[in-house]
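The values are calculated or read from the model by the stated rules, or taken from the named source; none is laboratory data. Everything numeric here is computed off the predicted structure, so don't read it as measured data. Here the Cβ positions follow ideal geometry from the backbone for every residue, glycine too, while neighbour counts run over all protein chains shown.
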Amino acid sequence: MNQFIPSLKTEPLAEKTLPGETFVFAFHGRDMLMNGTELPRLSDFPNKNDIQIRALYVGNLNGIPCIGIPFPEQTEWNVQPLRAVIHSVDEAVICAICRAKELMFWRERRKFCGKCGHEMEDSGTDLARVCPNCRERYYPQIAPAVITAVLKEDKILLAHNRNFTSGVHSLIAGFVESGESLEQAVAREILEETSIKVKNIRYYSSQPWPFPNSLMLGFVAEYESGELTPDGTELETAGWFSADELPMLPDHGSIARKIIDDFIANRQRMI
């Protein structure tokens, strides 16, 4: 069973010697660099020294260091959609990949100090970027989002979002706003997108989601009132589906699919 132990600080790697089996994570938008179907290793790169200078240590996977790097300018390697990679590996590897993706996203956007404009440095003592001029410190920020299974009698609410693959239906989701509790965000997003009210909102589970730096917080709620009407902006269609008459669903590996699969197998337990 794989185990990932995350890093607790940012530190320069230029003067360290990393083993050749070190996992190397590089991302280009929503894609990820792969060596065929395998995760790249440091020994796969001919310019290992240049790679290490630009790398960020993100933790250990089964005792093997993991580093994130800027995407190479020229590569003949295989580039795969990050979603597809996440859906094909176990939870520990997902955590390693997500941490690398989110920290690289954060580091790229913290090259300069937002207070005085000076170039930033890695802290070396904790997970932060530090301004050597004004000493301002910046930590990684996560964008929390809620995703909810709404149940009505023996059916679940599923909708097709304009950003989904054609035909795919999933749960209602949205970002948490400032000054808002998670439960308030659940109720607001569902009301805004479907015109219905929900009750008995209960936490289910969570999942890191690196698109680009989210934490998906899953919930289950019960229908209370209102006529189901998709907003037409984000949602094209929405409907109530029984467990034996479901539309095309999200791939395995996402928290949405996990909740839907739980509904299929254990609907009574979810209410």
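Just a few scattered comments:
- When residues of region 37-51 are limited to those that are under 20 Å from ASN62 (Cβ atoms) and part of a loop (DSSP other than H, G, I, E, B), the one nearest to the chain's Cα centre (by Cα): LEU39
So that you can scan it fast, the table gives a plain yes or no per residue for (1) in a loop (DSSP other than H, G, I, E, B); (2) under 25 Å from ASP122 (Cα atoms); (3) not hydrophobic (A, V, I, L, M, F, W, C):
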| residue | (1), (2), (3) |
| --- | --- |
| LYS9 | yes, yes, yes |
| PHE25 | no, yes, no |
| TYR57 | no, yes, yes |
| GLU73 | yes, yes, yes |
| VAL79 | no, no, no |
| ILE94 | no, yes, no |
| ILE97 | no, yes, no |
| PHE105 | no, yes, no |
| ARG110 | yes, yes, yes |
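- Residue match in region 101-113 (condition: surrounded by fewer than 15 Cβ atoms within 10 Å (Cβ to Cβ) and touching an Asp or Glu at 6+ places or on another chain (Cβ under 7 Å)): yes
- Scan of region 217-269 for residues that are assigned to a loop (DSSP other than H, G, I, E, B), surrounded by fewer than 14 Cβ atoms within 10 Å (Cβ to Cβ) and polar (S, T, N, Q), ordered by number: THR229, THR233
- A single entry from GLY167, GLY179, GLY117 fulfils the requirement of being under 23 Å from LEU82 (Cα atoms), out of contact with any Phe, Trp or Tyr (no Cβ under 9 Å at 6 or more places or on another chain) and surrounded by fewer than 20 Cβ atoms within 10 Å (Cβ to Cβ): GLY167.
- The criterion of being assigned by TED's automatic domain parsing to the domain that holds ASN60, among the β-branched types (Val, Ile, Thr) and either surrounded by fewer than 17 Cβ atoms within 10 Å (Cβ to Cβ) or outside any loop (DSSP other than H, G, I, E, B) (or both) holds for VAL89.
- Enumeration of residues in region 52-84 that are of a type in the set (Val, Ile, Thr), under 23 Å from PRO208 (Cβ atoms) and more than 22 Å from the chain's Cα centre (by Cα): ILE64
- Flag for GLU177 being free of Cβ contacts under 8 Å to residues at least 12 places away in the same chain and in contact with a helix residue (DSSP H, G or I) (Cβ under 7 Å, 6 or more places away or on another chain): yes
- Region 197-208 residues that are assigned by TED's automatic domain parsing to the domain that holds ILE172 and hydrophobic (A, V, I, L, M, F, W, C), paired with ones that are exposed (fewer than 15 other Cβ atoms within 10 Å of the Cβ) and assigned to a strand (DSSP E or B) (beta carbon under 6 Å, 6 or more apart): VAL198/GLU224
- Odd one out for SER214 among (1) modelled with pLDDT under 95; (2) surrounded by 15 or more Cβ atoms within 10 Å (Cβ to Cβ): (1)
Rundown of residues vs (1) assigned to a strand (DSSP E or B); (2) among the aliphatic types (A, V, I, L, M); (3) at pLDDT 95 or above, yes/no style:
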| position | (1), (2), (3) |
| --- | --- |
| ILE147 | yes, yes, yes |
| LEU157 | yes, yes, yes |
| PHE164 | no, no, no |
| ILE190 | no, yes, yes |
| LYS199 | yes, no, yes |
| TYR203 | yes, no, yes |
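- Identity of the residue in region 120-156, of a type in the set (Asp, Glu) and under 30 Å from PRO247 (Cα atoms), that ends up surrounded by the most Cβ atoms within 10 Å (Cβ to Cβ): ASP154
- Any chance LEU228 is under 24 Å from GLU91 (Cβ atoms) and of a type in the set (A, V, I, L, M, F, W, C): no
- Residue check for THR194: in contact (Cβ under 8 Å) with a residue 24 or more places away in the chain, over 25 Å from GLY253 (Cβ atoms), buried (at least 18 other Cβ atoms within 10 Å of the Cβ) and of a type outside the set (A, V, I, L, M): yes
- Residue list for region 130-145, filter: free of Cβ contacts under 8 Å to residues at least 12 places away in the same chain and not in a strand (DSSP E or B): ARG135
- With respect to the conditions (1) farther than 27 Å from GLU222 by Cβ; (2) surrounded by 18 or more Cβ atoms within 10 Å (Cβ to Cβ), ALA159 lacks only one, and its number is (1).
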